[in-house]
């Protein structure tokens, strides 16, 4: 199947004019820009939408990594050196190919955003952006068409499940005490990590083909999943505590919201610092450090930053959860 798909990729890459537009579009999936967008939604638009978007982003990221380690499929340029990646992070693209993370996460984010707006045009834009992100991944030579198709379907399914369960889960969450909320958050984080360990163990005794094994040297490392699990735990626990101690509503001019957004972006730097601190030769330590960094970062975003915004009168207190 990959041989046929390689022909499609080579056919798409006959024109080089789309390289720069596709590099821009591909960053509308998971990227540092989208991560920076999370505090903007949380602190400048609606905190209830923000927490849902954050959890969706981190859960879908962990799901993608677990699925990738389950299937262990190569990327196009791993098996065909003539595939052009247009200098797009070639050296850093070390995870397995199936399913596409950009397709899965990008689809889930854009379709969730469309569901919040609820207008037909928003759904049209959401699907169009998801499809463009999928196309960009194939054009840039970092995914096969089957990768992005699977990612698109998985992302759409994830959003459908979220929309179906959002009301009953929300009702349970509001009716539960802090202890149960924290236990539920911890249970979700543990499930994500156990899923990663299970996926890692499926092919633990199998070696990747020698022709592309060097590309996949880091593809089975668990720290990317523990980071997402830590972010889920930090987001949920921070939200649970924050809504009790520093419940807020957004109001005021856009300059106030801009200050809130800058404050919200600051803790996210902890995630990137943690990525540098973990020793590369000790995967377990690295996984723990990444988990702790993500937990601390998102916890600060959901709890401490709102407290600062309230203290500096950038937002107003809320009396409902």
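Among the residues in segment 208-223, are any under 18 Å from the mean Cα position of the chain (by Cα) and assigned to a helix (DSSP H, G or I)?
For segment 208-223, residues under 18 Å from the mean Cα position of the chain (by Cα) and assigned to a helix (DSSP H, G or I): present.
Being touching a residue at least 12 places away in the same chain (Cβ under 8 Å) and over 24 Å from the mean Cα position of the chain (by Cα) narrows it down to one of 310, 277, 268, so name that one. Even if it seems obvious, please write down each step before you answer.
On the way: 277 fails: over 24 Å from the mean Cα position of the chain (by Cα); 268 fails: over 24 Å from the mean Cα position of the chain (by Cα).
Result of the check over 310, 277, 268: 310.
Taking helices (runs of 4 or more DSSP H) that fall entirely within segment 1-94, which contain at least 2 residues that are under 15 Å from the mean Cα position of the chain (by Cα), touching a residue at least 12 places away in the same chain (Cβ under 8 Å) and over 22 Å from residue 199 (Cβ atoms)?
Values: elements: 2-12, 19-26, 32-40, 47-71, 76-79.
Qualifying helices (runs of 4 or more DSSP H): 32-40, 47-71.
Does any residue of segment 114-133 turn out to be part of a loop (DSSP other than H, G, I, E, B), over 16 Å from residue 163 (Cα atoms) and modelled with pLDDT under 95? Step through it out loud before you land on a result.
So in segment 114-133, the residues part of a loop (DSSP other than H, G, I, E, B) come out as 118-119.
Next cut, over 16 Å from residue 163 (Cα atoms) only: none.
Scanning segment 114-133 turns up no residue that is part of a loop (DSSP other than H, G, I, E, B), over 16 Å from residue 163 (Cα atoms) and modelled with pLDDT under 95.
Is it the case that residue 256 is in a helix (DSSP H, G or I) and over 19 Å from the mean Cα position of the chain (by Cα)?
Details: in a helix (DSSP H, G or I): yes; over 19 Å from the mean Cα position of the chain (by Cα): yes.
Answer is yes for this residue.
Pick out the one residue from 217, 210, 186, 175 that is surrounded by 14 or more Cβ atoms within 10 Å (Cβ to Cβ) and either in contact (Cβ under 8 Å) with a residue 60 or more places away in the chain or over 18 Å from residue 60 (Cβ atoms) (or both).
Residue meeting the stated conditions: 186.
Is there a residue being under 17 Å from residue 246 (Cβ atoms), part of a helix (DSSP H, G or I) and either at pLDDT below 90 or out of contact with any helix residue (DSSP H, G or I) (no Cβ under 6 Å at 6 or more places or on another chain) (or both) anywhere in segment 283-297?
no
The values are calculated or read from the model by the stated rules, or taken from the named source; none is laboratory data. Just so you know, these numbers come straight off a predicted model, no measurement behind them. Virtual Cβ from ideal backbone geometry, glycine too; neighbours counted across all protein chains shown.
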